[in-house]
Amino acid sequence: MLWVKGTEGYAAATERFVVATHGIAFQDLHQSILQFIPTDPSHVLDVGSGIGRDAAALAEIGHTVVAVEPTREFLSVAQSLYGTSIEWIDDSLPLLQSLEDRKEGFDFVLASAVWHHIDQDERRIALTCIADLLRPTGIFALSLRHGPAGVGTHIFPTDGQETVQEAERVNLKPLLVLENQPSLVKGKKNVTWTRIVLQKVSESLPSDEA
Ligand SMILES: C[S@@+](CC[C@H](N)C(=O)[O-])C[C@H]1O[C@@H](n2cnc3c(N)ncnc32)[C@H](O)[C@@H]1O
């Protein structure tokens, strides 16, 4: 795969990133969206999966998990920590080209702390791509980071309402929007998060009366 701009800053900070990631438990970080994670064994995609904490937690509860991550150092840590029960793929948003042929689709897609690494045009393309990858009624959960750059330095501002509007364009309807959520990392008072859960709805059929 080509160099992905959004990975800027991560590889050099791998050790620090591993410690920081393990400092926050999956259940705590995703508390507000746990109710939207399928309970039956399902096909799950974790995009920008970092060192694999969330992919591993989702596999642990019985899901078949594909994890996509463009920082090779992270992918390598993830593979050594969580092994072969997860399909690890070196790829990136907005196009997720490696998944083009996945006709079976996904029931649940997670993009945790990734959206701010792609610009507005890329986010539009990424939403279309994820909507295409979702099965009917599938769920897409994402979190938007607001504040100064952290370890990853290639960032863009994001906006919850704008994200919801763009999502509706591709038939993803909002189930949850939580703005202004605090960071769980100590000392990060200048960072807040928006948590969004979207569900794929069928395209509206033309009305008989039209
Ligand atoms: C803040 S980390 C979040 C990692 C993980 N999702 C978590 O919550 O622990 C952001 C991740 O997004 C990845 N990333 C950056 N640009 C990306 C892109 N264009 N497509 C997919 N992932 C990207 C980075 O390599 C990094 O692993």
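The values are calculated or read from the model by the stated rules, or taken from the named source; none is laboratory data. These numbers were taken from a predicted model, which means no experiment stands behind them. Heads up, the Cβs are rebuilt from the backbone with ideal geometry, glycines too, and the neighbour counts pull from every protein chain shown. Ligands, DNA and RNA are excluded from the accessible area calculation, which covers all protein heavy atoms including side chains. Shrake-Rupley method; radii C 1.70, N 1.55, O 1.52, S 1.80 Å.
Filtering segment 138-157 to residues that are within 13 Å of the ligand (Cβ to nearest atom) and under 20 Å from THR128 (Cα atoms) leaves ALA141, LEU142, SER143, LEU144, PHE156.
When the residues of segment 10-25 are filtered to those that are over 15 Å from ASP90 (Cβ atoms) and near the ligand (Cβ under 9 Å from one of its atoms), the one that is nearest to the chain's Cα centre (by Cα) is THR21. Do we have any residue at all in segment 189-200 that's more than 24 Å from GLY6 (Cα to Cα) and touching a Lys or Arg at 6+ places or on another chain (Cβ under 6 Å)? The answer is yes, given that some residue of segment 189-200 is more than 24 Å from GLY6 (Cα to Cα) and touching a Lys or Arg at 6+ places or on another chain (Cβ under 6 Å). Here the condition is being of a type outside the set (D, E, K, R) and assigned to a strand (DSSP E or B); of LEU184, LEU176, it holds for LEU176 alone. The set of residues from segment 90-121 being part of a helix (DSSP H, G or I) and either of a type in the set (A, V, I, L, M, F, W, C) or more than 14 Å from the chain's Cα centre (by Cα) (or both) comprises GLN97, SER98, LEU99, TRP115, GLN120, ASP121. The single condition from (1) of a type in the set (A, V, I, L, M); (2) closer than 18 Å to ALA141 by Cα; (3) more than 13 Å from the chain's Cα centre (by Cα) that VAL68 fails is (3).
Yes or no, residue by residue, for (1) over 15 Å from LEU142 (Cα atoms); (2) open to solvent by 30 Å² or more (accessible area, probe 1.4 Å); (3) in contact with a Gly (Cβ under 9 Å, 6 or more places away or on another chain); (4) in a helix (DSSP H, G or I):
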| residue | (1), (2), (3), (4) |
| --- | --- |
| TRP3 | yes, yes, no, no |
| THR14 | yes, no, no, yes |
| THR21 | yes, no, yes, yes |
| SER49 | no, no, no, no |
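Restricting attention to segment 54-76, the residues that are part of a strand (DSSP E or B) and hydrophobic (A, V, I, L, M, F, W, C) total 4. If you filter segment 162-182 down to residues that are farther than 18 Å from THR128 by Cβ and touching a residue at least 12 places away in the same chain (Cβ under 8 Å), you find that the one that is most open to solvent (accessible area, probe 1.4 Å) is ASN180. Could we say that SER42 is small (Gly, Ala, Ser) and away from the ligand (no atom under 11 Å from the Cβ) here? Criteria met by SER42.
Report whether or not THR153 is farther than 24 Å from VAL18 by Cβ and hydroxyl-bearing (Ser, Thr, Tyr). Answer is no for this residue.
Restricting attention to segment 89-109, does a residue exist that is hydrophobic (A, V, I, L, M, F, W, C), near the ligand (Cβ under 9 Å from one of its atoms), crowded, with 17+ Cβ neighbours inside 10 Å and at positive phi? Yes, segment 89-109 contains a residue that is hydrophobic (A, V, I, L, M, F, W, C), near the ligand (Cβ under 9 Å from one of its atoms), crowded, with 17+ Cβ neighbours inside 10 Å and at positive phi.
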